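Contents: one structure, followed by commentary.
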Amino acid sequence: MITKKIRFFKHAIFCLIIFSNTCFGKEFNELFIVNEPIQDSSNIEKSINNSFNTMIYRLSGDPSPSNIWKIINADNSRKDFIRSYSIKNYNNESFLQVDFDKDLLVKKFNELSISAIGISRPVILFLINIDSGSSNPYLLKDSESKSEIDFLIKKSLKKLHDKRGIFLELPEPDLNDLDLISSYSKLINSNNLLNSKFASDQVVEINITKVGVDDWLVNGDMSFEYKDKNFNNFFIERFEKYVTSKINNLLNSNTIDTSQLDFAKLSIANIFSFDDYSNSRDLIKNLVGTKEISIDSFEIDKISYSINIYGDFKSYIREISDINFLKITDIEYSKNIIEIDLIR
């Protein structure tokens, strides 16, 4: 009986690895919309300036202000790049929602030779195990917070997600996952199981353990000991520096050289209505790498385009590959041709 259970367990793990989503990166579909907290309702101008700074950090992938000043010093106003803005309220907090003009921004990046990051953004999965000594050890989940450190970690991840435009995710194991982990805890590494199921570009594993009254041990991808009463704030400061370095490295490997121009021939199949045409065209037009788009031909269920692009053909494919509702079916690299199906 035990042998059968172990055999079943191994088969289940194999299925998780084989059938889990292996397509890394996700579409950041609101890359050009920034929600900036309003600190003072009488000073909207400050919120506009802050939102512009966030937009440049997101688009360039560079957390330094050098690109912001490069744009401003070229006789540009921050407001020149704004399409619209309005005040929104979320959870009893006021935000200035600013919609930036993608075409103007990328054109300015091109003029100033500033590299950009497309809407296809990396995913970092965080597997954080916490043992505070006052309750059973637990894995920090997206849907549940048990202590102050949980809230602080999630707040930091959201702040960095909003500012840098990258996916920073916590796992959400289902009941089957938790049952496997509980039943076979001596046979498996639970982090390896979760890593195999949740697709990501990188995995960060951190263990936080309280080993004394005011003594803490952090190990894994971050490692240090702390002996004082202000552990939470100290940890968050170290955590944000560590995550920022991870973000910088990932975004640097996904840049689009806006000073380089290329072309692509692209066709989209499964077009059966004007809405299909309009929606699919918008998806392509909104790519950071799309400079100009023009129709080549219509067929019964297919439309073909000629596209002038920023960067090279490979970077353009990378950006398309993570768009929701579009599936690449064929690529001819020698001719810069891409075949795509619209997915409903």
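Would you point out the residue of segment 108-134, among those that are in contact (Cβ under 8 Å) with a residue 40 or more places away in the chain and in a helix (DSSP H, G or I), that is surrounded by the fewest Cβ atoms within 10 Å (Cβ to Cβ)? In this case the residue turns out to be Asn110. Within segment 147-175, residues that are surrounded by fewer than 16 Cβ atoms within 10 Å (Cβ to Cβ) reach partners that are acidic (Asp, Glu) with beta carbons closer than 6 Å, at six or more positions or on different chains, in the pairs Glu172/Asp142.
Condition check ((1) modelled with pLDDT of 95 or more; (2) part of a strand (DSSP E or B); (3) touching a helix residue (DSSP H, G or I) at 6+ places or on another chain (Cβ under 8 Å)) across all residues:
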site: Asn35; (1), (2), (3): no, yes, yes
site: Asn49; (1), (2), (3): no, no, yes
site: Phe52; (1), (2), (3): yes, no, yes
site: Arg58; (1), (2), (3): yes, no, yes
site: Pro63; (1), (2), (3): no, no, yes
site: Asn67; (1), (2), (3): yes, no, yes
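When segment 314-344 is filtered for residues that are farther than 20 Å from Asp275 by Cα, over 23 Å from the mean Cα position of the chain (by Cα) and charged (D, E, K, R), the ones remaining, listed by number, are Asp330, Glu332, Lys335. For segment 97-107, the candidate set comprises residues that are within 11 Å of Ile33 (Cβ to Cβ) and not charged (D, E, K, R); within that set, the residue that is surrounded by the most Cβ atoms within 10 Å (Cβ to Cβ) is Val98. Annotation: of all residues in segment 54-81 being buried (at least 20 other Cβ atoms within 10 Å of the Cβ) and hydrophobic (A, V, I, L, M, F, W, C), the one that is nearest to Leu287 (Cα to Cα) is Leu59.
Hey, any hits in segment 262-273 for a residue that's under 14 Å from Gly118 (Cα atoms), buried (at least 17 other Cβ atoms within 10 Å of the Cβ) and among the polar types (S, T, N, Q)? Scanning segment 262-273 turns up no residue that is under 14 Å from Gly118 (Cα atoms), buried (at least 17 other Cβ atoms within 10 Å of the Cβ) and among the polar types (S, T, N, Q). Taken over segment 285-306, the residue count meeting the criterion of being under 33 Å from the mean Cα position of the chain (by Cα) and part of a loop (DSSP other than H, G, I, E, B) is 5.
Okay, residues lined up against (1) touching a Gly at 6+ places or on another chain (Cβ under 8 Å); (2) outside any strand (DSSP E or B); (3) at pLDDT 95 or above:
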position: Lys229; (1), (2), (3): no, yes, no
position: Ile236; (1), (2), (3): no, yes, yes
position: Leu250; (1), (2), (3): no, yes, no
position: Ile268; (1), (2), (3): no, no, yes
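The values are calculated or read from the model by the stated rules, or taken from the named source; none is laboratory data. Worth saying up front: this structure is predicted, and the values here are computed from it rather than measured. FYI the Cβ positions are ideal-geometry reconstructions off the backbone, even for glycines, and counts take in every protein chain you see.
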